[in-house]
Amino acid sequence: WVVVFDGGRPSERVALLDSYKAQRKPMPAELLDQLHQIDRFLDLAGIPYILIPGKEADDLMAVVARRAEKAGWEVIIVSSDKDLLQLVSDRIRLAKPGKKAEAMGPEDVEALTGVSPSRIPLWLALTGDPVDNIPGVRGIGPKRAAELVARFGSLKDLEAHLDEVAPERIREALREAVPVIARNLDLIRLKDDEQVNLSLEELAVRPVDPERVRPFLEEFELKSLLDSFRGGSS
């Protein structure tokens with residue numbers, strides 16, 4: 001396992017769209033302090049984590065997931081971020097945090113969005129992503145975007161066959177938005193070639209030493225976890 005933290009707005013994507021994630025409010029000081037405490041706990045528990053300033057968590061997760069997939073591992077990513085749907089494969093699954101976190105495979109992604117994982121970037125490039133402040137194409141919602149992606153498969157083919165798109169208002173909106181769609185693809189495609197100094201061997205799950213984490217749990221009165229350690233569980 002590994003915990004991945006977001007390193008802030010990346011300069012490469014901000015250069016493409018200066019409003020990228022710009023709507024997000026600065027992190028409150030008290031929350032920042034809590035995040036530092038999470039780092040502290042992870043260190044005590046011996047759980048590896050990645051934080052690289054200026055690098056997005058999505059990209060870092062893509063690096064680790066692809067590396068593990070190539071090594072033959074079964075991977076589960078826990079996140080609610082739609083961008084990560086593009087990583088789903090036979091060996092990489094995506095689970096949303098919650099009480100019933102079901103790991104999604106390729107068939108689940110297609111049932112949810114109408115497109116296969118490999119085509120998620122184009123689907124999101126058409127619809128836009130309000131969470132990341134990425135505007136989509138006027139008049140294109142998830143359903144119509146899925147139809148266009150299923151029919152044309154790529155921006156190149158969509159642009160080559162724009163005259164076949166109906167109705168006219170959608171055709172002209174797409175024609176006008178081709179540069180926007182191309183930019184959106186560059187924003188949305190995950191960068192799985194980032195340099196991450198972490199070996200897969202470091203991700204092996206190891207027993208947590210109760211004596212190392214107990215003072216931390218007592219400090220923050222995490223009683224249920226304390227009880228599990230007192231019961232001999234790790």
Can you pull out the residues in the range 108-137 that are β-branched (Val, Ile, Thr), surrounded by fewer than 23 Cβ atoms within 10 Å (Cβ to Cβ) and closer than 21 Å to Arg93 by Cα? Thr113
Considering each residue of the range 12-26, count those that are closer than 18 Å to Asp58 by Cα and of a type in the set (D, E, K, R), and give that number. 4
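The rows are residues; the columns are (1) in contact with a helix residue (DSSP H, G or I) (Cβ under 6 Å, 6 or more places away or on another chain); (2) among the aromatic types (Phe, Trp, Tyr); (3) within 27 Å of Leu200 (Cβ to Cβ); (4) not assigned by TED's automatic domain parsing to the domain that holds Pro210.
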{"site": "Pro10", "(1), (2), (3), (4)": "no, no, yes, yes"}
{"site": "Arg13", "(1), (2), (3), (4)": "yes, no, no, yes"}
{"site": "Tyr20", "(1), (2), (3), (4)": "yes, yes, no, yes"}
{"site": "Asp43", "(1), (2), (3), (4)": "no, no, yes, yes"}
{"site": "Tyr49", "(1), (2), (3), (4)": "yes, yes, yes, yes"}
{"site": "Pro53", "(1), (2), (3), (4)": "no, no, yes, yes"}
{"site": "Asp58", "(1), (2), (3), (4)": "yes, no, yes, yes"}
Checked pairs for the range 160-181, first in the same structural domain as Arg144 (by TED's automatic domain parsing), second surrounded by fewer than 15 Cβ atoms within 10 Å (Cβ to Cβ) and in a loop (DSSP other than H, G, I, E, B), C-beta under 6 Å and 6 or more apart or across chains, list as Ile170/Gly139; Ala173/Arg138; Ala173/Gly139
When you go through (1) surrounded by 12 or more Cβ atoms within 10 Å (Cβ to Cβ); (2) part of a loop (DSSP other than H, G, I, E, B); (3) not polar (S, T, N, Q); (4) not assigned by TED's automatic domain parsing to the domain that holds Glu12 one by one for Phe216, which number turns out not to apply? (2)
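Could you tell me how many of the residues in the range 48-63 are touching a strand residue (DSSP E or B) at 6+ places or on another chain (Cβ under 7 Å) and buried (at least 16 other Cβ atoms within 10 Å of the Cβ)?
Here is the first cut: in the range 48-63, the residues touching a strand residue (DSSP E or B) at 6+ places or on another chain (Cβ under 7 Å) are 49-50, 57, 60-61.
This time we only want the ones that are buried (at least 16 other Cβ atoms within 10 Å of the Cβ), so: 50, 57, 60-61.
Matching residues across the range 48-63 total 4.
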Quick one: how many residues across the range 22-41 are polar (S, T, N, Q) and more than 30 Å from Arg206 (Cβ to Cβ)? 1
Tell me, please, whether a residue that is without any contact (Cβ under 8 Å) to a residue 12 or more places away in the chain, farther than 23 Å from Ile120 by Cα and assigned to a loop (DSSP other than H, G, I, E, B) can be found in the range 27-38. yes
Scanning the range 128-171 residue by residue, those under 26 Å from Tyr20 (Cβ atoms), part of a helix (DSSP H, G or I) and among the charged types (D, E, K, R) turn out to be Asp132, Lys143, Arg144, Lys156, Glu159
Could you say which residue among Ala68, Ala95, Ala103 is closer than 26 Å to Lys21 by Cα, surrounded by 13 or more Cβ atoms within 10 Å (Cβ to Cβ) and small (Gly, Ala, Ser)? Ala95
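So is Leu174 in contact with an Asp or Glu (Cβ under 9 Å, 6 or more places away or on another chain) and more than 30 Å from Lys70 (Cα to Cα) or not?
For Leu174, the condition - in contact with an Asp or Glu (Cβ under 9 Å, 6 or more places away or on another chain) and more than 30 Å from Lys70 (Cα to Cα) - is met.
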Check whether at least one residue in the range 190-205 is assigned by TED's automatic domain parsing to the domain that holds Val75 and among the basic types (Lys, Arg), and report yes or no. yes
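The values are calculated or read from the model by the stated rules, or taken from the named source; none is laboratory data. Here the structure is a predicted model, which is why all the values come from computation and not from measurement. Please note: Cβ atoms are built from the backbone with ideal geometry, for glycine as well, and neighbour counts cover all protein chains shown.
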